[in-house]
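Written out below as structure tokens is the structure these notes cover.
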Amino acid sequence: MDAPYYPAAVVVETCRSTDGRIKRVSSAPNTGEQVYVHMTRSLEVQGWTIESKLAQSGQFALDATKSNRRAAVLIADRAIIEPGDGQTRITVLVTP
């Protein structure tokens, strides 16, 4: 998967569907804002074009394209996750 990975994150789930879509869920001890800034920069460095961004109430989303592929990055800040385990949740979805 050539979508970004947050360096302090621990992967909790990875799966690939039969049509080649990849989902990776990880958690990180950093704030959602820190993860959002890093993931935005990483997408751009890896050649992805950011199509849209959302940052609202501890939830963040990035939608990006590269060639004919699409990546979505969804981030839930550790402060809004129930039950609060102190970890920010990062979900990366990539289509082939």
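The values are calculated or read from the model by the stated rules, or taken from the named source; none is laboratory data. Source: prediction; values computed, not measured. Using ideal geometry, Cβ is built from the backbone for each residue, glycine included, and neighbour counts are taken over all protein chains shown. SASA here: full protein model, heavy atoms, side chains in, ligands and nucleic acids out. Shrake-Rupley method; radii C 1.70, N 1.55, O 1.52, S 1.80 Å.
Some points to look at:
- Taking the listed residues ALA8, ALA76, the one that is open to solvent by less than 60 Å² (accessible area, probe 1.4 Å), touching a strand residue (DSSP E or B) at 6+ places or on another chain (Cβ under 8 Å) and at pLDDT below 95 is ALA8, with no other qualifying.
- For beta carbons closer than 9 Å, sequence separation of 6+ or different chains, a first residue in the range 51-78 that is within 23 Å of PRO29 (Cβ to Cβ) and in contact (Cβ under 8 Å) with a residue 40 or more places away in the chain and a second that is open to solvent by 80 Å² or more (accessible area, probe 1.4 Å) and part of a strand (DSSP E or B), the qualifying pairs are ILE75/GLN59; ALA76/GLN59; ASP77/GLN59.
- Top-ranked residue in the range 36-58 [being assigned to a loop (DSSP other than H, G, I, E, B) and exposed (fewer than 12 other Cβ atoms within 10 Å of the Cβ); ranked as modelled with the highest pLDDT]: GLY47
- Conditions (1) open to solvent by 30 Å² or more (accessible area, probe 1.4 Å); (2) free of Cβ contacts under 8 Å to residues at least 40 places away in the same chain; (3) of a type outside the set (Asp, Glu): number failed by ARG89: (2)
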